[in-house]
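Accompanying notes for the structure given below.
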Amino acid sequence: MADSRDEQTLKAPRRIGVIGAGGQLGRCLVRQIESAPDLTASFALTREELDLSDAAGLSDAIARLLDEAPGGRPEVVINAAAYTKVDLCESEQALAYQTNALAPGEWARQLAERGIRFIHVSTDYVFAGEGTIPYGEGDPTDPRTVYGASKRAGEVAVLGHQPDALVVRTSWVFGPGRNFPLAILDQAQKRRTGEVTGPLTVVDDQRGAPTYAADLAFALLAIARQDEAQWGGGLLHLRNAGETTWYDFAREILDQAGFADVGIDPVPSSTFETAARRPHFSVLDCRWAESKGITMPSWKDALSRYLASDDCPYEPVVPAEDPAAAPDFAAAPETAAAPDPKETPR
Ligand SMILES: NC(=O)c1ccc[n+]([C@@H]2O[C@H](COP(=O)([O-])OP(=O)(O)OC[C@H]3O[C@@H](n4cnc5c(N)ncnc54)[C@H](OP(=O)(O)O)[C@@H]3O)[C@@H](O)[C@H]2O)c1
């Protein structure tokens, strides 16, 4: 009589489809699926493989993908794709709604038709950001940016087509790719090399919770492994534990990465002209996830694992005594074009 372990190994790996495989979260999902014996990738789509903004061709492309998926028809599909450039969304509304609302809605419609489970990722920016206590899943949304409004429209479209889909809101994501920690480290490097002088300036009046994409991917795959009935459908909040401001987050990044000597000036958001007005408070309440056994590590712990991982192209550095001895940071891969830290990422 085969025991449970045999049954486990005998059980075919669960087939997961990933949309947005080239993004921070998408890359972590694909990486973890590839290294998990009980999971297999049915597909891992980057923009090149499927452009969500192609309104005309999207429906046929999705149908073909689901019915001819290279790794077999998926049992669960996770959507980590989105148009996440918050300021550009203000002037590219059609693209934001097509990518963040209409495309996820079409996926949900076709997945529901085939009885395939859908986990769609959304954002803390669906809330107005004037609260002072963490937002629960049932709290009224009131987005104040086109990005946030397009993501909220995506939530409604997905749950409208597939009420048993899970819409997971998260916040301040950092992982493999462009993100706030890298922007801060770039600016610190420039001060270390003397390329730029003076303290960094970072906003201190926006409060939220950083989330390591690897921890979010881990939690989403834990949910994907569990029976659908355990979660049902609807909204779910997931982010690393604890809360902070961009200013305190930047301070912690520099202190953990060996730049305790680099100064930061805390400034109000009004200091920087940005097309989109970011929420001043967007901490998500994650007690429901915790009640279901998903407890996320603290953001400070997550940051230290990120800085020590290959996801972060920087090695913690030792302050250069003699500027002439300062190592050549120009060599640091893919960081040359780091965005200005005043542009707090989405
Ligand atoms: N980043 C955050 O701080 C944050 C905060 C809260 C919620 N979220 C949500 O979390 C999820 C994952 O975010 P992330 O940080 O991993 O974002 P990301 O790094 O910007 O990745 C988004 C991915 O979507 C792809 N994409 C964009 N437009 C597309 C299109 N028209 N067709 C196909 N693919 C397209 C991008 O492709 P390209 O690389 O080719 O552009 C990218 O690979 C998203 O739903 C996002 O809204 C993110």
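No value in this document is a laboratory result; all are computed from the given coordinates. All values derive from a computational prediction rather than experimental measurement.
Miscellaneous remarks
- ³J(HN,Hα) computed for each position of the range 110-121 - Karplus, 6.51 cos²θ - 1.76 cosθ + 1.60, integer Hz, glycine/proline x: 6, 5, 5, 4, 9, x, 9, 6, 10, 10, 10, 9
- Over the range 110-162, equivalent-ellipsoid semi-axes from the Cα gyration tensor in Å: 25, 12, 8
- Every helix of 4 or more DSSP H residues in the chain counts as -39500 (n - 2.57), and over all residues that averages to -10500 deg cm²/dmol at 222 nm.
- Candidate cross-link partners of residue 292 among the lysines, defined by an alpha-carbon separation under 30 Å and a same-chain spacing of 8 or more, comprise 11, 151, 300.
- Computed over the range 13-141, relative contact order equals 26 percent, with contacts defined as Cα pairs under 8 Å that lie 6+ residues apart.
- Convex hull of Cα atoms in the range 140-236, direction-averaged projection (nm²): 8.8 nm²
- Residues whose placed amide H lies under 5 Å from that of residue 169, excluding near-sequence neighbours: 122, 236, 237, 238
- Subtracting the Cα-Cα distance of residue 270 and residue 310 from 0.36 nm times their residue separation leaves 10.9 nm of extension gain.
- Here the Karplus curve 6.51 cos²θ - 1.76 cosθ + 1.60, taken at θ = phi - 60°, turns the phi angles of the range 136-150 into couplings of x, 4, x, 5, x, 8, 6, x, 10, 10, 5, 4, x, 5, 5 Hz, with x standing for Gly and Pro.
- Rg/Rg_globular for the chain, with Rg_globular taken as 2.2 N^0.38 Å and Rg from C-alpha atoms: 1.02
- Taking a ≥ b ≥ c as the square roots of the Cα gyration tensor eigenvalues, the range 78-154 comes out oblate, since a/c reaches at least 1.5 and a/b does not exceed b/c.
- Diffusion constant of the range 1-152 at 10 °C, which comes from Stokes-Einstein with the Kirkwood Cα-pair radius and 1.306 mPa s, µm²/s: 94 µm²/s
- In units of the rule-of-thumb radius 2.2 N^0.38 Å, the range 191-325 shows an alpha carbon radius of gyration of 1.30.
- Reported value for the range 17-61: 65 Å³ per residue, from the convex hull of its C-alpha atoms.
- Taking Cα atoms only, the orientation of helix 180-192 departs from the longest principal axis of the chain by about 20 degrees.
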